[in-house]
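As structure tokens, the structure follows; a few thoughts come after it.
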Amino acid sequence: MLIAVLTICGTASSASCSSNEDNATEQRNISGISDKVWAFSQTHPDGFTIDIRTMTEPTEGIAVSYAATQDSHSRDQLDRVVSHALQHEGYVGGCYNSDDGLYYFDSTKLFPENDLKGALQFGKENGQRSVFILSTHTDIPIHGKVAAILDRGTILFGTTGDYRPLSFREADGTYWGFGIDVANEIAKRLRVNIAFKKTSWPTLTADVLANPQMFDLAIGGITITDARRETMLMSDGYLANGKTILCRASEADRYKSLADIDKPEVTVMVNPGGLNEKFANENLTHANIVVHQKNEEIPSLVAEGAADVMITEITEAPYYVQTDTRLAAPLLNAPFTRGEIGVLMQKGHADLLQLVNLCLRQMKSDGTLRKLHEKYGLVYAYE
């Protein structure tokens, strides 16, 4: 009996020592990693997200902090953050707070950039104010415009539906065009449904600024201008643009410059309320300017002789030249203006602007945007 008791006690003592040694080794490992993270933080005052298993910074993903390590700051509290991270995804985020002079750390979960909805939901559950997209260094608020769209499950695009081949609405209500395809790509990358709302060039600004909102974004042949940026937000450009003309193919040699158009005997037709009408009024002081309500009808009216010239864009003109042999665009390669087309939205929705720009950058880098340019025969960029 005595031997048995001694054996049992000896075994228990050995197990206890082993456990203590393991704990001490684990703590040393944690402390060593913490030292490395702390040293890294001192050279990254603007913040970072790091994989503590490899001590490397991921360049893509959506970083979201855990509530369990909230408000951990300075070196003395870093061990618990590292310990938590090692038990979970292995990522630690940090940022210096200039208000109190402390460096704060969090155990972080990394989501794929195509799972923003999951990241926002996790952030909401963990009491966060925002999530952070690593590739663009942008914060997306937990309760911002993007979150509202994701909760709704549908993104709403306003579009004129009268601008082939960028945005056209068929009689049955279906939309097609380059801008429509871009909108569908944005919706797909956000993993939400899409719906299109009718707007018009004369009412575009009022419709974008309407309260309550008629739609989240406007798309389809909308040129980026300083005037629009004064009252609204515009995305990065995704299509080169510029003013040019359509005329009858039989008279293509007649128009070699803007001066050839600006004559009393030339009738110029434009659609109302947009930049085409503005350009004509500002640059054609001698020509006869006629405003026609339906943009999509103007090319045929020019071909039939109701007008001599249509002021249009280099994005629109090639489509009509290809589909109507009576028409020509003699100044297509020498546009009167140069600019870009973008997505329009209300001010105050910076998170939505950041996300749209992220989608456009992804579409440029993965070749999606170039394929759409080729599909519609559009200029990818100015050479």
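The values are calculated or read from the model by the stated rules, or taken from the named source; none is laboratory data. The model shown is predicted, which means the values in this text are computed figures rather than measured ones. Neighbour counts run over all protein chains shown; Cβ positions are idealised from the backbone, glycine included. Please note that ligands, DNA and RNA were not included when accessible areas were found on the heavy atoms of the full protein model with its side chains. Shrake-Rupley method; radii C 1.70, N 1.55, O 1.52, S 1.80 Å.
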Worksheet item: Probe 1.4 Å, all protein chains in place: accessible area of Tyr104 in Å², nearest 10?
Response: 60
Worksheet item: What figure in square angstrom, to the nearest 10, would you give for the accessible area of Ser250 with a 1.4 Å probe?
Response: 110
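Relative to the Cα centre, what is the charge dipole magnitude of the stretch 236-383, using +1 at the beta carbon of each Lys and Arg, -1 at the beta carbon of each Asp and Glu, and rounding to the nearest 20 debye?
Values: 15 positive and 20 negative charges, 71 e Å.
Here the stretch 236-383 has a charge dipole of around 340 debye.
Within the chain, which complete DSSP H helices have Cα atoms spanning at least 15 Å along the helix axis and a mean Kyte-Doolittle hydropathy of 0.5 or higher? Could the numbers behind the result be given before it?
Working: long enough: 2-41 (58 Å, 0.10); 178-190 (18 Å, 0.32); 350-365 (22 Å, 0.39).
Both cut-offs are met by no helix.
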Worksheet, complete the sentence: Projecting the Cα atoms of Phe122, Ser34, Pro299 onto the charge dipole of the chain, where Lys and Arg contribute +1 and Asp and Glu -1 at Cβ, the residue farthest towards the positive end is Pro299
Discussion item. Using only alpha-carbon positions, what ratio does the radius of gyration of the stretch 180-244 give when scaled by 2.2 N^0.38 Å?
Written reply: 1.18
Practice prompt. Could you tell me the largest-minus-smallest coordinate of the C-alpha atoms of the stretch 93-132 on each of the three principal axes, in descending order and whole angstroms?
Written response: 34, 17, 14
Discussion item. For the chain, what does the relative contact order come out to in percent, with C-alpha contacts under 8 Å and a separation of six or more?
Written reply: 15
Practice prompt. For Glu89, Glu297, write out the residues from largest to smallest accessible area, computed with a 1.4 angstrom probe and no ligands counted.
Written response: Glu297, Glu89
Practice prompt. Any chance you could list P(r) for the stretch 277-383, counting all Cα-Cα pairs in 5 angstrom bins from zero, rounded to whole %?
Written response: 2, 9, 16, 18, 17, 14, 12, 8, 4, 1
Fill in: Trp201 accessible area, assembled protein chains, probe 1.4 Å, Å²
30
Practice prompt. With a point put 7 Å past each Cα toward its Cβ, work out how far Glu304 is from Ala148 in nm, to one decimal.
Written response: 4.4
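Note down the net charge around Lys375, summing +1 for each Lys or Arg and -1 for each Asp or Glu among other residues with Cβ under 13 Å from its Cβ.
Working: positive: Arg370, Lys371; negative: Asp181, Glu185, Glu374.
It works out to a net charge of -1.
Leaving ligands, DNA and RNA out of it, rank Lys263, Lys109, Lys347, Lys256 by accessible area with a 1.4 Å probe, largest first.
Details: Lys263 80, Lys109 50, Lys347 105, Lys256 145 Å².
The ranking, largest first, comes out as Lys256, Lys347, Lys263, Lys109.
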Worksheet, complete the sentence: Scoring only Lys, Arg, Asp and Glu (+1, +1, -1, -1) among other residues with Cβ under 13 Å from the Cβ of Leu284 yields -3
Worksheet item: Which aspartates and glutamates, on any chain, are close to Lys347 with Cα under 12 Å apart, when same-chain ones fewer than 8 places away are left out?
Response: Asp216, Glu230
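Could you work out Rg/(2.2 N^0.38 Å) for the chain, with Rg from alpha carbons only? Let's see the in-between values first.
Working: Rg = 30.0 Å, N = 383, 2.2 N^0.38 = 21.1 Å.
With N residues counted in the chain, Rg over 2.2 N^0.38 Å equals 1.42.
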Item to complete: Could you sort out which of Lys124/Lys145; Lys256/Lys278; Lys256/Lys364 sit more than 23 Å apart by Cα distance in this structure?
Response: Lys256/Lys364
Worksheet item: Which Cα, out of Phe336, Ala195, Leu78, lies furthest along the positive dipole direction of the chain (beta carbon charges, K/R +1, D/E -1)?
Response: Ala195
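Order the following by accessible area, largest value first: Arg248, Arg326, Arg53. Probe radius 1.4 Å; ligands, DNA and RNA are ignored. All intermediate terms of the calculation are to be shown ahead of the outcome.
On the way: Arg248 35, Arg326 105, Arg53 140 Å².
Ranking Arg248, Arg326, Arg53 by accessible area, largest first, yields Arg53, Arg326, Arg248.
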Discussion item. Please report the net charge: other residues with Cβ closer than 13 Å to the Cβ of Gly153, K and R +1, D and E -1.
Written reply: +1
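222 nm [θ] for the chain, helices only, -39500 (n - 2.57) per DSSP H run of 4+, per residue, to 500?
Numbers: 13 runs with 145 residues, N = 383.
Calculated at 222 nm, the ellipticity per residue is -11500 deg cm²/dmol.
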Fill in: For the stretch 114-244, fraction of C-alpha pairs farther apart than 27 Å, in %
25
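Suppose every Lys and Arg Cβ carries +1 and every Asp and Glu Cβ carries -1, with no other charges. What dipole size does the chain come out with about its Cα centre, to the nearest 20 debye? Don't jump to the answer; show the numbers that get you there.
Working: 35 positive and 49 negative charges, 95 e Å.
I would put it at about 460 debye.
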Worksheet item: Hey, what do the phi angles of the stretch 257-273 turn into as Karplus ³J(HN,Hα) couplings, whole Hz, using 6.51/-1.76/1.60 and θ = phi - 60°, x for Gly and Pro?
Response: 7, 5, 5, 5, 8, 7, 9, x, 7, 9, 9, 10, 10, 9, 8, x, x
Response to the item:
Residue by residue through the stretch 211-220, the couplings from Karplus 6.51 cos²θ - 1.76 cosθ + 1.60 with θ = phi - 60°, in Hz, x for Gly and Pro, are 9, x, 5, 7, 7, 7, 9, 10, 8, x
Response to the item:
Expressed in angstrom and rounded, the centroid-to-centroid distance over alpha carbons for the stretch 287-325 and the stretch 68-89 is 65
Item to complete: Work out the FRET efficiency for Arg370 and Asp226 from their Cβ-Cβ distance, taking R0 = 25 Å, and round it to the nearest 0.05.
Response: 0.35
Worksheet, complete the sentence: Of the candidates Thr56, Leu166, Ala240, the farthest towards the positive dipole end of the chain (Lys/Arg Cβ +1, Asp/Glu Cβ -1, centred on the Cα centre) is Leu166
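For the stretch 206-357, divide the Cα radius of gyration by the Kirkwood radius and give the resulting Rg/Rh value with two decimals.
Details: Rg = 16.8 Å, Rh = 16.4 Å.
That ratio is 1.02, to two decimals.
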Discussion item. Quick query: amide H of Gly61 versus all other amide H atoms, modeled in the peptide plane; which residues come in under 5 Å with a sequence gap of 5 or more or a different chain?
Written reply: Glu113, Leu134, Ser135
